[in-house]
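**Q** Sharing a structure with you now.
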Protein chains: 2
Amino acid sequence: MSFKQAEHKLLMIPGPIEVADDVLYANAHPAMAHVSPDFVPVFGKVLTMLKKVLYAPNSQPFVVAGSGTLGWDMVSTNVVQPNDEVLVLQTGYFSDSFAECLETYGAKTTVLKAPVGKRPSLDEVKSALKEKKYRAITITHVDTSTGVLSDVKAVAAAVQEVSPETLVLVDGVCSVASEELRLEEWGVDVVLTGSQKGLGCPPGATIVVAGPRALKAFESRSAPPPTYYLSWHKLLPVMKAYEAGSPAYFGTPPTNLIYALHQSLTTITEGSVSLEERFQKTKEASQKVKNFLTELGVKQLVADDLQQSNGAANGMTAVRYPGGLKAPDVLPKMAQRGIVLGAGLHKECKDEYFRIGHMGVSVVDPSRTDVDQVLKNLKEVLEEAGYKK
Amino acid sequence: MSFKQAEHKLLMIPGPIEVADDVLYANAHPAMAHVSPDFVPVFGKVLTMLKKVLYAPNSQPFVVAGSGTLGWDMVSTNVVQPNDEVLVLQTGYFSDSFAECLETYGAKTTVLKAPVGKRPSLDEVKSALKEKKYRAITITHVDTSTGVLSDVKAVAAAVQEVSPETLVLVDGVCSVASEELRLEEWGVDVVLTGSQKGLGCPPGATIVVAGPRALKAFESRSAPPPTYYLSWHKLLPVMKAYEAGSPAYFGTPPTNLIYALHQSLTTITEGSVSLEERFQKTKEASQKVKNFLTELGVKQLVADDLQQSNGAANGMTAVRYPGGLKAPDVLPKMAQRGIVLGAGLHKECKDEYFRIGHMGVSVVDPSRTDVDQVLKNLKEVLEEAGYKK
């Protein structure tokens, strides 16, 4: 048996993304006991490497079987308490869903809404923080539905200035390892993500990194977390044990995926391309995609002025169909050429745009020409569909 | 790159278990979009095949990223409501934990406790059901901590006789595809399991199959489920869509693991060994292990009289250390010989026994001699440690 990477369609959606061969191979690791002396240091090192990726040496990583979505549940049940006031910065579908998750567990959310393709301004954020005492603020670093990039550093600084007790909770599902995100230095309290985007693995792991203030918030809860599987009372001792080199049991960890994460995180933190260079290469790929679109006269979903102020994601681009074209003119045609792009997702305008992912191995591995292939074929497909600038 | 099955230690714990090469290979599938036309029928067929494994053509399967443990949460939040009375049949550590999970979400549990290595008798179950009106009863089909096999068919029949409105919730984590379990015919309402035991895959999928009465119980809830990620309001449309051949989105499914499940379930439901033959082969392997122990004068954790009445699991055996031996005399010595067995787990006696898993490919694939290797080496290890019958 051999791997058949070449035979599949090139996956260029904003997650799941292309997975490197060595990571796929690790995902096919022979079955291992979750408490075996061979597996324990692998899991332990995954936790340590996650802290490096988030620049969070004093924080606590959690890895459990689940999806990125389950990270919202973990934060909403452990860090936030029922009746807590939470300010949600809305930049698309996923910010709204995070709010819905928080509400499910009893938090009171105030959604600071931005028009599609925009983000709340810093002044709006500050005003909102002055109006009411918020226990926490949520930021969707990259909202996968719109491609809007939030300025986590600036928002966290604004929180520190206006309402320093407010916890800063970042949804990094579509940003971690693609966009710079410095948990401790920037004053972020929690970052949650999944395995299948910038971390370059198959989907199936919920990853949360909690800073010291988030852990304190958990410890000072007035009632136990309203969750069994996700309770940090259960998970903290397990994560600490693995990181310290001993096994512990609560729910079977996704062992094969942890081997995959180990491989991918080793590349990310110790490979020939440094983490900073990875961010840079992602930016360059993004610039190439966005310049190409501009030259073709094709608009993005992210508003023009926001694009000018670093408000468009580097790991993905949301593209408006140009010249009256629609999804059937583009997506199936690209698929026929062996390239999978993503459909629109935002309920207000999902038929008006499509999405290109450009992160991970597709932009970091110099032997791959994934982005060039996308652009070359997209140009041809648009032309075949009758589009002219 | 090639698979290196031979180089790893033989994994003979009661889950995770040995994974067949073709399943590992499927787990290394190139990255696929969770909504792609190539992936949709794969996920759909996984759902259909799960219904076959549980003899549940009219039931609803759910597959989400998670562990077996998360199945407790799914049932406790969707089928059971806060303040519901639930009768828990306790046969080990995992039954107790299921009760703890139910309590976390507000259910009132009554634990019908059995001594270690025993199970509540049918008379005890009936008496308990007569004493109080229970919304649900939980049965741990095989409690992995003790190896006790519950008689699901008989308990479900007793429920039908004494308290027919009571929902029958079965934890099948260590039984599905190893022990016969006929959801609809036996009057079971929910079976939950994970991917890493009888289903022969790596860990990482929470699998729940809900019968019509459980779905009705969900529909008639007085309040929404106290969960976001696991809410059937979110998951039902997604599962129905995939089974009907269309994509839908709520949380990214663990795509690679679903390819692995597809491969393994195809073998289980359409392979040369039928499902019924699989149960039979698992029984034969179990008998071989248990006869071997008896001949050596080594006791099991399951009480002798329960063993006589089909009360010991077929997919695993919990073995008491004989002749004053302890874990260090056996487990590391077996590991040195390339065989991984499981330590004890029940808090009352975890140092007094160890566990052997014998399910899945290890007992079904005629080209494998896994069980024989375990027994041969175990005999030698016991002798080297000074044990004599």
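**Q** For segment B:134-202, what is the relative contact order in percent, using Cα pairs closer than 8 Å and at least 6 residues apart in sequence?
**A** So the answer I get is 33 percent.
**Q** With each label point set 7 Å from Cα along the Cα-Cβ vector, what nm distance links B:Lys153 and B:Glu348?
**A** That separation, rounded to one decimal, is 2.8 nm.
**Q** Once label points are set 7 Å from the Cα along Cα→Cβ at both A:Asp372 and A:Lys126, what is their separation, rounded to one decimal in nm?
**A** Taking the two extended label points, one gets 4.6 nm.
**Q** Further question: Using R₀ = 25 Å, calculate the FRET efficiency as 1/(1 + (r/R₀)^6) where r is the Cβ-Cβ separation of B:Ser222 and A:Ala223; round to 0.05.
**A** Efficiency for this residue pair is about 0.70.
**Q** Can you tell me which aspartates and glutamates have their Cα less than 19 Å from the Cα of A:Lys283? Leave out same-chain residues fewer than eight positions away.
**A** A:Glu18, A:Asp143, A:Asp151, A:Glu179, A:Glu180, A:Glu295, A:Asp304, A:Asp305, A:Asp365, A:Asp370, A:Asp372
**Q** Tell me the mean residue ellipticity at 222 nm calculated for chain A from its helices only (DSSP H runs of n ≥ 4, each -39500 (n - 2.57), averaged over every residue, nearest 500).
**A** About -12500 deg cm²/dmol.
**Q** Carbon and sulfur atoms: what percent of the 1.4 Å accessible area of the protein assembly as shown do they account for?
**A** Accessible surface attributable to carbon and sulfur in the protein assembly as shown totals 51 percent.
**Q** Here's something else I'd like to know. Counting pairs of alpha carbon atoms under 8 Å apart in space and at least six apart in sequence, what relative contact order in percent does chain A give?
**A** Value for chain A: 24 percent.
**Q** Kindly compute the accessible surface that chains A and B hide from a 1.4 Å probe when together, both sides summed, and give it to the nearest 100 Å². Walk me through the intermediate numbers first.
**A** Details: alone 16070 and 16070 Å², together 27590 Å².
It comes to approximately 4500 Å² buried between A and B.
**Q** Dipole of segment B:312-389 (Lys/Arg Cβ +1, Asp/Glu Cβ -1, origin at the Cα centre): which of B:Ala385, B:Val363, B:Met316 lies farthest to the positive side?
**A** Farthest along the dipole direction, towards plus: B:Ala385.
**Q** For B:Glu7 and B:Lys288, what does the FRET efficiency come to when R0 = 35 Å and r is the distance between their Cβ atoms, rounded to the nearest 0.05?
**A** 0.85
**Q** Which parts of segment B:184-210, residue by residue, lose 30 Å² or more of accessible area when the rest of the protein chains are there, as against the chain isolated (1.4 Å probe)?
**A** Flagged in segment B:184-210: B:Pro203.
**Q** Accessible area per residue of chain A at 1.4 Å probe, in Å²?
**A** Result: 35 Å² per residue.
**Q** A further question follows. Rounded, prolate or oblate, given the Cα gyration tensor of segment B:60-214, with a/c below 1.5 counting as rounded? List each step's numbers first, then the result.
**A** Values: a/c = 1.44, a/b = 1.30, b/c = 1.11.
Rounded, because the longest to shortest axis ratio a/c is under 1.5.
**Q** Another question, then. Which of the lysines could a cross-linker span from A:Lys132 if the Cα-Cα distance has to be under 19 Å and same-chain partners fewer than 8 positions apart are dropped?
**A** Filter leaves A:Lys108, A:Lys113.
**Q** Which residues, if any, in segment A:222-254 have at least 50 Å² less accessible area in the whole protein complex than in the isolated chain, probe 1.4 Å?
**A** Buried by 50 Å² or more upon assembly, which counts only protein chains, are A:Tyr228, A:Tyr229, A:Tyr249, A:Thr252.
**Q** Under the classification rounded if a/c is under 1.5, otherwise prolate if a/b is larger than b/c and oblate if not, where does segment A:302-389 fall, given a ≥ b ≥ c as square roots of the Cα gyration tensor eigenvalues? Don't skip to the end; give the middle numbers.
**A** Working: a/c = 1.65, a/b = 1.05, b/c = 1.58.
It comes out oblate by the Cα gyration axes.
**Q** With charges only on Cβ, +1 for K and R and -1 for D and E, what is the dipole size of the protein assembly as shown about its Cα centre, in debye, rounded to 20?
**A** 200
**Q** Determine the distance separating the Cα centre of segment A:65-139 from the Cα centre of segment A:283-323; give it in Å without decimals.
**A** One Cα centre to the other: 26 Å.
**Q** Further question on the same structure: Please compute the contact order of segment B:248-389 in relative form: average sequence separation of alpha-carbon pairs under 8 Å and at least six residues apart, divided by the residue count, as a percent.
**A** About 24 percent, as a whole number.
**Q** Relative to the Cα centre, what is the charge dipole magnitude of segment B:78-193, using +1 at the beta carbon of each Lys and Arg, -1 at the beta carbon of each Asp and Glu, and rounding to the nearest 20 debye? Mind dumping the intermediate values first?
**A** Working: 11 positive and 18 negative charges, 55 e Å.
In debye, rounded to 20, segment B:78-193 gives about 260.
**Q** Name the residues of segment A:108-145 whose amide N is less than 11 Å from a point 7 angstrom out from the Cα of A:Arg182 along the C-beta direction?
**A** none
**Q** How much net charge surrounds B:Gln90 when only the other residues with a Cβ under 15 Å from the Cβ of B:Gln90 are counted, with Lys and Arg +1 and Asp and Glu -1?
**A** -4
**Q** I've got another one for you. Please give, to one decimal in nm, the separation of the simple spin-label points placed at B:Arg337 and A:Lys326, each 7 Å out from Cα toward the Cβ.
**A** With each label placed 7 Å out from Cα toward Cβ, I get 6.9 nm.
**Q** Taking a ≥ b ≥ c as the square roots of the eigenvalues of the Cα gyration tensor of segment B:1-88, is the shape rounded (a/c under 1.5), prolate (a/b larger than b/c) or oblate? Please list the in-between numbers first.
**A** Numbers: a/c = 2.36, a/b = 1.47, b/c = 1.61.
Oblate.
The values are calculated or read from the model by the stated rules, or taken from the named source; none is laboratory data. Values in this document were obtained by computation on a predicted structure and should not be read as measured data. Here Cβ is always computed from backbone atoms with ideal geometry, including for glycine, and neighbour counts include all displayed protein chains. What goes into the accessible areas is simple: the full protein's heavy atoms, side chains included, and nothing from ligands, DNA or RNA. Shrake-Rupley method; radii C 1.70, N 1.55, O 1.52, S 1.80 Å.
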